[in-house]
Amino acid sequence: MFGRIRRAGGLLLMNKKLSNQSKILLIFIFLISVSHYTQALSRSDGPHMRGTLGFPIIFLSIYFINKIFQIKINFFDQINKSVKKSFFLFILIGQVFFLFLMSEFAIGYSHKAYSLIGQTINIENIKTFKSRFDKFINREDNYYLDDRLIDIVNYYRDIVKNDKCVQIFNYDTAISYLVKKQTCTRYFHVWAMGSKKNQLKFISELKISKPNFILLGGPRNYYGGTSASERLPYAYKYILDNYSKYKQIDEWIFYKIN
C-alpha cells in the first residue's frame, strides 16, 4: 500500500502541467485522504468507510471551484463588460443550486438504512437553526427517550444512588450520562474497546473501581451484527465470574457484584 502511495506522489510531483501551488494542495488532499482511510479501516464498517469521503470531497471541491473561477476570469477578459455581471451571477446561482442538490442526495448514505426520518436539509432549517438549537438543548432528557429507556434510566439511577460510578457493557453509551454518574472505567463506549490488550485493561480497572452493578444487553445489543459479549470475550468472562444476574427489564440485564 505504502509503495503505491509513494508512486502516486512521485507521479504527481513530476507532472509539469500543474503549478507548484496545485501540487502542494493536491498532495495535502492526498495525505488527508490516506490518513482518514486508514482510520476507517481500523473500524472496518460501512458508515466510517463512507465518512472518509467527506474531507477529500470538500478539499477537491475547493480545488475545482478555484479552477472554475480561473477559467471564468480568463473568459471574462474576452467578452464585453456589459455581460460579465449577469454571466457571473448565473454561474454563481448554478453553483449554489448544485451545492444544495448534493446535500439533498448525499453520496454514500441510505436513509432507509440509518434513519426513518426523511432528509431535512433545507433553507428554512438554516434560517431557524439558532432558535431550534436553543430549544433542543434546553429540553429535558426524557423528551428524547422512549418509555422503556426512561424506565431503565430511572431504575438504574435508583440502585446506584449511593455509588460513585456506573459501568455499562452494551452499546447504550448515553446511559451513564442519563444516570448522571461517571463511568467506573475509561471504557464508557465499549464498542471501541476491541483488542485483548484493552479488554485486560478494562478488567484491571474493574478490579480497582468494583462497580456494584454492570448493565448488559438491551435492544441495541447486536448493533453492527455482534453483541458486546461476543466481541469482548475476555471482559465478558470476567463479568460472569465475578457478577451474578440481578434483574432483567425487557432486553436489559443488570448484574450485581458477588
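Nothing in this text is a laboratory measurement; each read-out follows from the coordinates by a stated rule. In this text, all values refer to a predicted model and were calculated from it rather than measured experimentally. Backbone-built Cβ (ideal geometry, glycine too); neighbour counts: all protein chains shown.
Applying the Karplus relation 6.51 cos²θ - 1.76 cosθ + 1.60 with θ = phi - 60° to region 133-140 yields 3J(HN,Hα) values of 4, 4, 5, 5, 6, 9, 5, 5 Hz, where x marks Gly and Pro. For region 124-184, the list of trypsin sites (Lys or Arg not before Pro) that fall in a loop by DSSP and count at most 12 other C-beta atoms within 10 angstrom reads R139, K161, K164, K180.
Write out the GluC sites (Glu not before Pro) in region 117-206 meeting two conditions: DSSP loop, and at most 13 other Cβ atoms within 10 Å of their Cβ.
In loop regions of region 117-206 (DSSP not H, G, I, E or B), the sparsely surrounded GluC sites (Glu not before Pro) are E140.
Taking amide hydrogens as placed 1.01 Å from N in the peptide plane, the amide H of V166 sits under 5 Å from those of Q182, T183, C184, each at least 5 positions away in sequence or on another chain.
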